[in-house]
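A.B. asks: Quick one: the structure is below, and I'll ask about it shortly.
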Amino acid sequence: MDRFASDSEQKKRLIEIIRKVSYREGDFTLASGQKSRFYVNLKMTTLHPEGATLIGQMMTDQIKKERIKIEAVGGLTLGADPIATAVSIAAFQKGIHWPAFIVRKTVKDHGTQNPIEGAESFHPGTRVMILEDVSTTGGSSLEAVEKVREAGFLPVGVFTVVDREQGAADRIRAAGLPYLSLCRLSEIQNF
């Protein structure tokens, strides 16, 4: 897709890719523990060259549009890893320096034992945007928020690719953070 396509054309194409490679119907148990008849394995989209490019461009543009001041992007491994890289690259192509970071679920017992990879050069109070692939209740995002706070950084918002529309937005906003999403599950289902 042309990188200069309109926001609505980019969103339509992203939903088309998600619907084709990431959306499934059946019986599933989600990370939240909830049962669902629908599953979005967004890794199939975030690892897709066009999908990752669109996500990076759209998230970068939306963060700029919302005028949220950030210095880095990242989230809980594994879902946020390719998204953080895509956003960091898209921002760099626009002359913006937003390094990516990865929040570990558990700290390794060897090596540097960093709870947050890529943040070694961050200063206390670094303003970060927490990224998520699919949000249901917001639990994973809030776990990442807590871990970056513990490391001395300042989470200034949560941005998900797909909002399953099951409480994440309300829960994250109740925690005092802006919540952004590129698309909702209902938009994917109705595509």
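A.B. asks: Among 166-175, 56-65, how do they line up by average Cβ neighbours within 10 Å per residue, starting with the highest?
C.D. replies: The most tightly packed comes first, giving 56-65, 166-175.
A.B. asks: Give, as a single signed number, the net charge of other residues whose beta carbon lies under 9 Å from the beta carbon of Arg127, with Lys and Arg counted +1 and Asp and Glu -1.
C.D. replies: Summing Lys and Arg as +1 and Asp and Glu as -1 gives 0.
A.B. asks: Further question on the same structure: Among DSSP beta bridges whose residues both lie in the chain, state the antiparallel percentage, nearest 5.
C.D. replies: Details: 7 of 27 bridges.
Around 25 percent antiparallel, to the nearest 5.
A.B. asks: If r is the Cβ-Cβ distance from Gln93 to Leu30 and R0 is 35 Å, what FRET efficiency results, to the nearest 0.05? Present the calculation step by step, with values, prior to reporting the outcome.
C.D. replies: Details: r = 34 Å, r/R0 = 0.96.
Computed FRET efficiency for Gln93 and Leu30 comes out at 0.55.
A.B. asks: Please list, in chain and number order, the residues 5+ apart from Arg127 or on another chain whose amide H is under 5 Å from its amide H, with Hs placed from the backbone.
C.D. replies: Placed amide hydrogens put Glu71, Leu154 under 5 Å from Arg127.
A.B. asks: Same structure again: Check every DSSP H run in the chain and write down those whose alpha carbon atoms cover 20 angstrom or more along the long axis and whose mean Kyte-Doolittle hydropathy is -1.0 or greater. Display every interim value, and only then the final one.
C.D. replies: Details: long enough: 7-21 (21 Å, -0.93); 49-66 (26 Å, -0.59).
Correct list, ordered by number: 7-21, 49-66.
A.B. asks: Next question. Holding the Cα-Cα limit at 21 Å, pick out from Lys43/Lys105; Lys43/Lys94; Lys20/Lys105; Lys11/Lys94; Lys20/Lys94 the pairs that are longer than that.
C.D. replies: Lys43/Lys94; Lys20/Lys105; Lys20/Lys94
A.B. asks: Right, another one. Once fully extended, how much extra length lies between Val21 and Lys64, figured as 0.36 nm per residue of separation less the alpha-carbon to alpha-carbon distance?
C.D. replies: Residue separation times 0.36 nm, minus the Cα-Cα distance, leaves 12.6 nm.
A.B. asks: Moving on to the next point. Which whole-number percentage describes the relative contact order of the chain, with Cα contacts under 8 Å and a sequence gap of 6 or more? All intermediate terms of the calculation are to be shown ahead of the outcome.
C.D. replies: On the way: 357 pairs, mean separation 34.7, N = 191.
Across the chain, relative contact order equals 18 percent.
A.B. asks: For Cα extents along the principal axes in Å, the listed values are (i) 53, 35, 30; (ii) 44, 39, 33; (iii) 44, 43, 31; which was obtained by calculation from the structure presented?
C.D. replies: (ii)
A.B. asks: Apply the Karplus curve 6.51 cos²θ - 1.76 cosθ + 1.60, θ = phi - 60°, to the phi angles in region 177-189 and return the couplings in whole Hz, x for Gly and Pro.
C.D. replies: 3J(HN,Hα) across region 177-189, in whole Hz: 10, x, 10, 10, 9, 7, 7, 10, 4, 4, 5, 5, 5.
All of the numbers you see were taken from the coordinates with simple rules; none came from a lab. Remember, it's a predicted structure, so these values are computed and weren't measured experimentally. Backbone-built Cβ (ideal geometry, glycine too); neighbour counts: all protein chains shown.
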